[in-house]
Structure formats: C-alpha cells, structure tokens
Amino acid sequence: MDAADYLTRIGAAADDALDVLMRRHLETVPFENLSIHERDHVPIEDAALVEKVVDRRRGGFCYELNGAFAWLLGELDYEVTRCSARVATPDGLSFPGDHMALVVGGRTLVDVGFGRFAVGPLDLESRDEQYDRSGAFTVRDEPDGELDVVWGDRVQYRLDPRPRSLQDFVPMAWWHRTSPTSPFTREVTCSRLTPTGRVTISGPKLIETADDGTRTERDLSTEEQLATYRDVFGVALHVVPPALHPAD
C-alpha cells in the first residue's frame, strides 16, 4: 500500500489541508453499495479496503470509505480515531456501530462515508453553528459523553467518541451486507459530490441535487446506467447487479 497512489487516486497532495483531502475524496470516491449486490465480500481490513479504493478504483459504504481514508490520514501523520455512531431514523437511533466516523486530532469530525452530509471537517468542541456549502451543522452534548451531530434542525447521528478498532465494525458490516432489512441490500445506489451538489444513481434513477436543494431525476435504461457508472463514477460494470433483497 502506497499513500502516493492513494493521493493520486483522489487528485490530492500530501501537504493539502485536511478539508481539501476530505473534499477531494468525496468528489472522486463514490459512496456505493455495488459490491453488496455483486456478492463481492470485501474484508474490513486496511489492505483490502485500500486495494478496493485505489487499485480497483471503486467506492464503498461507511466502513470501507472511512476505513480506507483513516489509513491514508494515518500515513500522512494525522492522529485518527475510528468511532461508532448510531444513525437517526424515523423510529429513533439505530444500533451502536451502525455507522463508522473518524475523529482527527481528538476534536475534528471527518466523515467521507455518510453520503450527503458535511463536505468539510466539523469541530466537535464547538457548540456554535458551523457552516459549509451543505448548510449549518451543530454539535450537541448528550448523556455519557456522546454527541449529536445536527444538520439544520435534524439529528444525523449520535457519535460515541471513544476509540474503536476497525475490527469492532465487522459484525455490523456483515449485517448491512446480508440482512433483508438493511437499507444497503434493498436497492443499488452510487453517489458522489460534485462542485455544485451531488449526483446519484438509485436503482434505475439518475438524481442530481444542487447545493440549494433543487433536485432533478430521470429513469435510465440499462445501457444508460452502465454508461453513467463508467463516465460519471469511474466504475466499469459488465451488468448492473440486481438488488440483493428488493424493497417491497
């Protein structure tokens, strides 16, 4: 594994600031669950994750993207902590380990694996609103030292800042890859940041969302889907994988 190859993959330099590294990662490495539907098991291990992102030029979901990015930041001499988070859903907070986020230098939240979210680092010690092109984010104290990360007026997830190992996330990664109730097995998706918003394939739909929230979508034929995966996301597919457990 070579940090220089990783930096080339995301179009960044070793002396770029943390916010630049994060933005370049979000723009070039897609948030996608294609491997789940291809039944391509990628171990939650540094070497396998970096190989997928750098050598295979693929993306992944949170454990893969933040796992690989944590390795890169460590190689660049950042102090990186892998942390567990419970995602906010209409039914309440999800399970511990449902999401993996990164804390850099003991106080800075970095997350390249949550889809549409903050595009820059967030200061976990500040209780003021923090603005980036996605909007306003706020950190709130919760019991037992946990922290709610709020976008606008909605909690996105509750972060447990205690350090975790990469292997701590293996059980939840397995659940997300296999369970018929996991959101990742019910529909094929691929998404990345653009200079003006975000572009996403969700099932057969191409969705383009601007930073101001305006949204357009249209259905793609199978041939158009394959071309979009190749030309927009840099992912070469022979076939579009069917959903592992299609939504009802």
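List the residues of segment 181-221 whose backbone N lies under 12 Å from a point placed 7 Å from the Cα of A243 along the Cα-to-Cβ direction. Within reach of a label on A243, which here means backbone N under 12 Å from a point 7 Å along Cα→Cβ, segment 181-221 contributes 181-189, 202-205. Computed about the Cα centre, the dipole magnitude for segment 150-248 is approximately 400 debye when only Lys and Arg (+1) and Asp and Glu (-1) carry charge, each at its Cβ. Just to confirm the filter: which trypsin sites (Lys or Arg not before Pro) across segment 22-62 are DSSP coil and have at most 11 other Cβ within 10 angstrom of their Cβ? Sparse-neighbourhood loop trypsin sites (Lys or Arg not before Pro): R39. Sort segment 52-105 into rounded, prolate or oblate with this rule: let a ≥ b ≥ c be the square roots of the eigenvalues of the Cα gyration tensor; rounded if a/c is under 1.5, and if a/c is not under 1.5, prolate when a/b is larger than b/c, oblate otherwise. Here segment 52-105 falls in the oblate category. Only sites in a loop by DSSP and with at most 16 other Cβ atoms within 10 Å count here; which GluC sites (Glu not before Pro) in segment 71-125 make the cut? Those satisfying the criteria are E79, E125. The spread of Cα positions in segment 90-176, taken along each principal axis and listed from longest to shortest, comes to 35, 31, 26 Å.
When the Cα positions of L21, P180, G59 are compared along the charge dipole of the chain, P180 comes out farthest toward the positive end, with charges on each C-beta of Lys, Arg, Asp and Glu.
The portion of the accessible surface of the chain made up by carbon and sulfur, rounded to a whole percent, is 50 (1.4 Å probe; DNA, RNA and ligands excluded). For segment 150-231, what class follows from the C-alpha gyration tensor (a ≥ b ≥ c being the square roots of its eigenvalues): rounded when a/c is under 1.5, otherwise prolate if a/b is larger than b/c, else oblate? Here segment 150-231 falls in the oblate category.
I'd like the FRET efficiency for D168 and E142, computed as 1/(1 + (r/R0)^6) with the beta carbon distance as r and R0 of 30 Å, rounded to 0.05. E(calc), rounded to 0.05, equals 0.90.
Charge dipole (Cα centre; +1 on Lys/Arg Cβ, -1 on Asp/Glu Cβ; no other charges) of segment 67-205 amounts to roughly 680 debye. Charge tally for G213 (other residues, Cβ to Cβ under 15 Å; Lys, Arg +1; Asp, Glu -1): -1.
Around the Cα centre of the chain, unit charges on the Cβ atoms of Lys, Arg, Asp and Glu (plus for the first two, minus for the last two) sum to a dipole of about 540 debye. Simple rule: put +1 on each Lys or Arg Cβ and -1 on each Asp or Glu Cβ in segment 84-155, find the dipole, and look at V139, T89, A118; the Cα lying farthest toward the positive end is A118. Placing unit charges on the Cβ atoms of the charged side chains and taking the dipole of the chain about its Cα centre, the candidate lying farthest along the positive direction among T222, G106, T8 is T222. A Förster distance of 22 Å, applied to the separation of the beta-carbon atoms of T181 and T222, puts the FRET efficiency at 0.20. Scaled to the globular estimate 2.2 N^0.38 Å, the Cα spread of the chain, given as radius of gyration, is 0.96.
Once the Cα-Cα distance is subtracted from the 0.36 nm per residue extended length, the D2 to A210 segment shows a gain of 71.4 nm.
The values are calculated or read from the model by the stated rules, or taken from the named source; none is laboratory data. Note that this is a predicted model, so its numbers are computed, not measured. Virtual Cβ from ideal backbone geometry, glycine too; neighbours counted across all protein chains shown. Heavy atoms of the whole protein, side chains included, go into the accessibility calculation; ligands, DNA and RNA do not. Shrake-Rupley method; radii C 1.70, N 1.55, O 1.52, S 1.80 Å.
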